[in-house]
């Protein structure tokens, strides 16, 4: 007998009160009857208290519950899983009235289904509608532990597993031990493994993760097939095939194929091995990748819209032992791993509108977290002119796009015509408000701005207002809300009337829409505005916008046309347009360089001996940065500043024939700029940092041995770690000191496909970068074997589905027994007192 609780036994303290009442009782009864009555009442109270404790007794039962778990992962032949339903249904027919069952489909998780539902599911998968995500793993241990939750209390428990026995999470042995402790009888039925011809590239390995430029390194590709077949194995770098070999594969045997490859490109490089078999079933397991760090010459990426304009300075840098990669406007990488192949990024002439928000954030992290160098040169697409105002890129640079407009520059009147239809709801309208505010901030006190919103009709958000009244304008912009249809013509007409009334020297309109406007004579109106000296630029946001019409408006209105699928680019487009329309961001002429601050990058050079620049972009220096060279007016020309672990450098002139012709004609041009760049390139000082890594149980563990120049271990260091995933999202990692000079960081992998990990010794400014590439799921490796723990399990026969089960017990409540007996005793006690 067992009790649920003993708390009600505190009521037995009332017996003390009953005892006191007994000794003071005035009842005139024989002593024997009086004592017997009191005893019966005491026993009744005790039994009532025990009844409240909810007593149970165990009854043996023959009832049973059977859980069927069917493996439907990719490694199992689906026809075998479908055929397994027949013995399952036969076994269900043999169950007794008091028995019960549950059926689960198992792979990456478990799904409880009826036999009919599972049959329909498997037949659908066999027709080509398979759930590849669910079938990508065989988590046998997790499946057994999850399915055991279906067992009801008070029944014998049996679990029957139908599987090929190949697990991907190494948890089966522990799960079987736990089921054994819980008295669950487990049986195993072997299913056939995949019968389709299949080949897999198991791994690409190297003896080291670090090499020197020019070093010959051996990369080993491990391949496997379940049939004898011929295959070709390729080695790729940056997506380009560099080697290819033919191989004869033997069924069930792993073949190692060596590739001897010279490391010619410095920096982190991604190497990929790819198998092309004559027969194949799963394409997902045909590739494997790894990252190799190659130390060599400083590697610089130069970005310019017109690549030929930079060829002279690129040639000069190459003569100074730089490796320079010159690319056009689409050349900026969008993955951190590709950025880290370079020690410095030079933005020579690339507007912010050609970068995604992700690319900008990656550049910021590249400098701040991984110690890279970022350089911006002056041009019509740099700083504010390029739309970099208040962007992550401007955060890195030592100069900002904000400046005081010169008095002799013409005043500007600008109208922003902005779509506020229902399709702009949410983030687009919020970013449109932000863009309008950024444009306002870049105007001088002599300029004016108006904002007109339109849906089915025009709405004056802010009438033509001097830009000096920023608080009034900002408050009006905040009232811009999205709703209604799309008709741009009335808003353009209202904007023209405003501009016609102003006396500003420069009149400009920016039109933004993300949809198709109603029919109207937009081109005729634009021509009228152009004839009166008003310029119009247009922005088409999203694929459904009226791109062709907006492009015609920009051409007729002598403005610029922008097309973007990302609302995040709106602030950059608006600030670029505002700066260009104000005609006040550049100075042109002959400007000698005046040295402001001494710095090692100017060592050996006198500012008076440097060539003049023919123009520059007007900017302002941030606090706590070093302005090295300036124009006679005090405007900064060359400035540098630290940002996180890296450096940002800005030169507001350029190094093309536009403003830098004198530079390019100077014999010392290459030497000078090579010295400047060497002061900001990423310095991967990893001496004394020996890192190793391993992957197990969904975690990437990186162990670091830290030693000084004398090979003595260094302990108690301030070691920091930060990681970035494939989307550029950062997450902090804790570093633990596990021994003398030994440090360890553990990163949970989850669903991340790539991780760049930075380990930084802050005390000695040492930096180590490691990369992780997610392999395809183990389900597709073709090298799995049935788990040993399954061999000892019993078999399954439908006719004896509940045979030889251990005895089960049910708990039966007996509170009522105690209650009735207590009431009887209390009644008997009363009778003895009265009769």
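Every number here is computed from the coordinates shown, using simple stated rules; none is lab data. Since this is a predicted model, take the numbers as computed values, not measurements. With ideal geometry, Cβ positions are generated from the backbone for all residues, glycine too; neighbour counts draw on all protein chains shown.
The calculated FRET efficiency for the pair residue 264 and residue 727, based on their C-beta separation and a Förster distance of 22 Å, comes to about 0.15. Label point of residue 356 set 7 angstrom out along Cα-Cβ; within region 412-453, amide nitrogens under 18 Å from it belong to 428. Highest mean packing first, where packing is the average number of other Cβ atoms within 10 Å per residue, the peptides 726-739, 388-401, 817-830, 38-51 line up as 388-401, 38-51, 817-830, 726-739. Using the Cβ-Cβ distance between residue 445 and residue 132 with R0 set to 56 Å, the FRET efficiency works out to roughly 0.35.
May I ask you to derive the FRET efficiency for residue 679 and residue 181 from their Cβ-Cβ distance with R0 = 60 Å, giving the value to the nearest 0.05? Rounded to the nearest 0.05, the efficiency is 0.35. Relative to the longest principal axis of the Cα atoms of the chain, the long axis of helix 522-531 lies at roughly 30 degrees. By the count of neighbouring beta-carbon atoms within 10 Å, fewest first, 507, 108, 306 end up ordered 306, 108, 507.
Computed over every Cα-Cα pair of region 95-145 and binned at 10 Å starting from 0, the pair-distance distribution P(r) comes out as 23, 46, 24, 7 percent.
Using every alpha carbon pair in region 1-118, what percent of pairs falls into each 5 Å bin from 0 up to the bin containing the largest distance? Spelled out per bin, shortest first, that is 2, 8, 13, 10, 8, 6, 6, 6, 5, 6, 5, 6, 5, 5, 4, 3, 1, 1, 0. Working note: 222 nm ellipticity from helices only, DSSP H runs with n ≥ 4, each -39,500 (n - 2.57), summed and divided by the residues of the chain, gives -7500 deg cm²/dmol to the nearest 500. Between residue 90 and residue 709, the contour length at 0.36 nm per residue exceeds the Cα-Cα span by 215.5 nm. Given in Å, the Rg to one decimal and the Dmax to the nearest whole number for the Cα atoms of region 412-582 are 14.0, 38. Each label was represented as a point 7 Å from its Cα along the Cα-to-Cβ direction; for residue 664 and residue 311 these points are 1.0 nm apart. Placing pseudo-labels 7 Å out from each Cα toward the beta carbon at residue 59 and residue 532 gives an inter-label distance of 9.6 nm. Taking only the alpha carbons of region 199-295, we obtain Rg and Dmax values of 13.5, 42 Å in that order.
Relative to the longest principal axis of the Cα atoms of the chain, the long axis of helix 14-23 makes an angle of roughly 40 degrees. When each of the peptides 444-450, 523-529 is scored by how many other beta carbons lie within 10 Å of its residues on average, the order from highest to lowest is 444-450, 523-529. The modelled label-to-label distance for the pair residue 319/residue 819, using points 7 Å beyond Cα in the direction of Cβ, is 10.4 nm.
In plain terms, the bigger the Kirkwood radius, the slower the diffusion; for the chain, with that radius from Cα pairs, at 4 °C and 1.567 mPa s, Stokes-Einstein puts D at 38 µm²/s. For the pair residue 590 and residue 795, the difference between a 0.36 nm per residue extended length and the Cα-Cα distance amounts to 64.5 nm.
Across all directions, the shadow cast by the convex hull of region 301-370 built on its C-alpha atoms averages 4.6 square nanometres.
Taken over the C-alpha atoms, region 689-778 has Rg and Dmax values of 13.5, 43 angstrom.
For the chain, take the longest principal axis of its alpha carbons; what is the angle in degrees between that and the long axis of helix 115-124, to the nearest 10 within 0 to 90? Here the helix axis deviates by roughly 30 degrees.
Among 511, 669, 53, 344, a tally of other beta-carbon atoms within 10 Å of each Cβ gives an order, fewest to most, of 53, 669, 344, 511. Here the relative contact order of region 60-195, from alpha carbon pairs under 8 Å that lie six or more residues apart, stands at 35 percent. The alpha carbon convex hull volume per residue for region 498-538 rounds to 77 Å³. Working from the Cα coordinates of region 60-195, the gyration tensor eigenvalues give, after taking √(5λ), semi-axes of 24, 18, 11 Å in decreasing order.
Multiplying the residue separation of residue 242 and residue 606 by 0.36 nm and subtracting their alpha-carbon distance yields 126.3 nm.
Report, for the chain, the % of DSSP beta bridges that are antiparallel, rounded to 5. Taking every DSSP beta bridge within the chain, about 60 percent pair in antiparallel fashion.
Sorting the segments 262-275, 793-806 by their mean number of nearby beta carbons within 10 angstrom, highest to lowest, gives 262-275, 793-806.
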